[in-house]
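Here's the structure, in structure tokens; my notes come after.
The values are calculated or read from the model by the stated rules, or taken from the named source; none is laboratory data. From a predicted model like this one, the values you see are computed outputs, not experimental measurements. Please note: Cβ atoms are built from the backbone with ideal geometry, for glycine as well, and neighbour counts cover all protein chains shown. Please note that ligands, DNA and RNA were not included when accessible areas were found on the heavy atoms of the full protein model with its side chains. Shrake-Rupley method; radii C 1.70, N 1.55, O 1.52, S 1.80 Å.
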Amino acid sequence: MPRRSSGPRLWFDKKRGTWTIVDGRERRRTGFSAEDIKWAEKALGEYTSSKHVIKDSATPFIADVLAAYATEHVAHLPHKVSRAEILYDIRRLGKWWSEMRVAEINAQKCREYVRHRKAPVASRRELAFLNAAIKFWHKEHGPLKIVPTVVLPPQPSPRSNWMTREQAASFLWVARKTPHLARFFIIGWYTGSRRDVVAGLKWSMIDFKTKIMQRKEKGHVETKKKAPPLRIGTRLISHLKRWKRMDGKNALYVVNWRGKRILRLDDSWKHARELASLPDYVTPHILRHSRATTMMRAGVNPWDAANALGMSLEVLTKVYGHFHPDWQKDAANAR
């Protein structure tokens, strides 16, 4: 009787000095050396995933639920950056949940995951994707025998941290040696646009004559996160004109790395933040908070500010309204 296969595994080929994936009689070279074991393990994981066939089940493993959601739903989302961010969160979920079955999900397991992640905001977002994946499976591959309740950590209060001009100057002084990071910062600082908007900004979306910037391309699918057109200020238009001269006529993206669109700048941002000795809350999203705060402190009409940010008036006044010089002025002076 032939021996049962133990499944795909890594084998180090001493002759070639590289790792090879062994799956029964099949051999697949990874090209990674002995020191690159982590990359070889990643290649093994991708190979194993490609061999796995997802089958409908009423009691599936969470790994299958996440894989189905990623390949059948997330992979077809229209926005490339959103797709990449969600897939990143799904991989995070898979590292902890994959060997469990859906029926094992309960409030205690969810709380354990939050403690494991040590990041309440990120874990809340990730658990929301787990819940969406379960609903997707129940509809497309189920029905599930048990539909568990995914318990999310409490909604954190809105973050209103912002950068001062001195902090912004410190960051830019460091970022000047990384052109795409400096451009990202300057556009975010002067427009308050979300990260994916800044990363996806094309030269064709900027009208230098009218000084109007389109934040989304024509035909783009609208989402809950509004991105209306924006009037470009004097300081930003000067930067844009200079960058355009540097990039030439054939350039596509305003913020680019060797002509290509950037997808993630976490490493370069973190490095610049550390060199500038800024606190951990200085993340790319703080540019949006900073712009909203700056406009409120300058006494800009809240309706104009909300439109410029692509934010509802309700959210603007709730989170940033107290920075406005006229905030509760009449109420405070009432007799």
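Here are a few things to note about the model shown:
- Looking only at region 97-111, and only at residues there that are open to solvent by less than 60 Å² (accessible area, probe 1.4 Å), part of a helix (DSSP H, G or I) and free of Cβ contacts under 8 Å to residues at least 40 places away in the same chain, the one that is farthest from E46 (Cα to Cα): K109
- Taking (1) under 18 Å from A305 (Cβ atoms); (2) surrounded by fewer than 18 Cβ atoms within 10 Å (Cβ to Cβ) in turn, D207 satisfies each apart from (1).
- Residues being within 19 Å of the chain's Cα centre (by Cα) and part of a helix (DSSP H, G or I) - total across region 156-181: 2
- Test: R125 is open to solvent by 30 Å² or more (accessible area, probe 1.4 Å) and touching an Asp or Glu at 6+ places or on another chain (Cβ under 8 Å): yes
- Region 263-280, residues that are outside any helix (DSSP H, G or I) and under 16 Å from E166 (Cα atoms): A276, S277, L278, P279
- Within region 312-324, the set of residues being surrounded by fewer than 18 Cβ atoms within 10 Å (Cβ to Cβ) and closer than 21 Å to R195 by Cα comprises S312, L313, V315.
For every residue, the table says whether it meets (1) crowded, with 20+ Cβ neighbours inside 10 Å; (2) β-branched (V, I, T); (3) more than 20 Å from Q214 (Cα to Cα).
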site: K260; (1), (2), (3): no, no, no
site: D266; (1), (2), (3): no, no, yes
site: P284; (1), (2), (3): no, no, yes
site: R288; (1), (2), (3): yes, no, no
site: A298; (1), (2), (3): no, no, yes
site: G310; (1), (2), (3): yes, no, no
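- Selected residue (only one of A75, A119 is hydrophobic (A, V, I, L, M, F, W, C) and either under 28 Å from L201 (Cβ atoms) or touching a strand residue (DSSP E or B) at 6+ places or on another chain (Cβ under 6 Å) (or both)): A75
- W96 fulfils the conditions (1) in contact with a His (Cβ under 7 Å, 6 or more places away or on another chain); (2) modelled with pLDDT under 90 except for a single criterion, (2).
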